Amino acid sequence: MAFNSVDHTSTGETPFFLFLGRDPIMPNELNVAGRNRSMGETNKYFTFWRQSLEMANDNLTMRLAKQKQ
């Protein structure tokens, strides 16, 4: 769980968030309101998720280009 919930430098996001579109709920957060990034409305949620994936892809592309230099 720890590996999947830590921001990676290549994407700027956690693998958990990129796969599921939300942050994981850790055991110590079960009673905390507002603990994740979900947007409530389906269209807003998917728009937000798509934008996050595009940003992660841009970050990855930029880092790969740096490595090739």
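The values are calculated or read from the model by the stated rules, or taken from the named source; none is laboratory data. Being a predicted model, the structure only gives us computed values, none of them experimental. Note that each Cβ is placed from the backbone with ideal geometry, even for glycine, and that neighbours are counted across all protein chains shown.
What are the pairs, 6+ residues apart or on separate chains, where a residue within segment 40-69 that is more than 21 Å from Thr9 (Cβ to Cβ) has its Cβ under 8 Å from a residue that is at pLDDT 85 or above and surrounded by 11 or more Cβ atoms within 10 Å (Cβ to Cβ)? Taking only residues 6 or more apart or on different chains, not a single pair turns up.
Scan segment 21-69 for residues that are modelled with pLDDT of 85 or more and of a type in the set (D, E, K, R) and jot them down.
Arg50, Glu54, Asp58, Arg63, Lys66, Lys68, listed by residue number.
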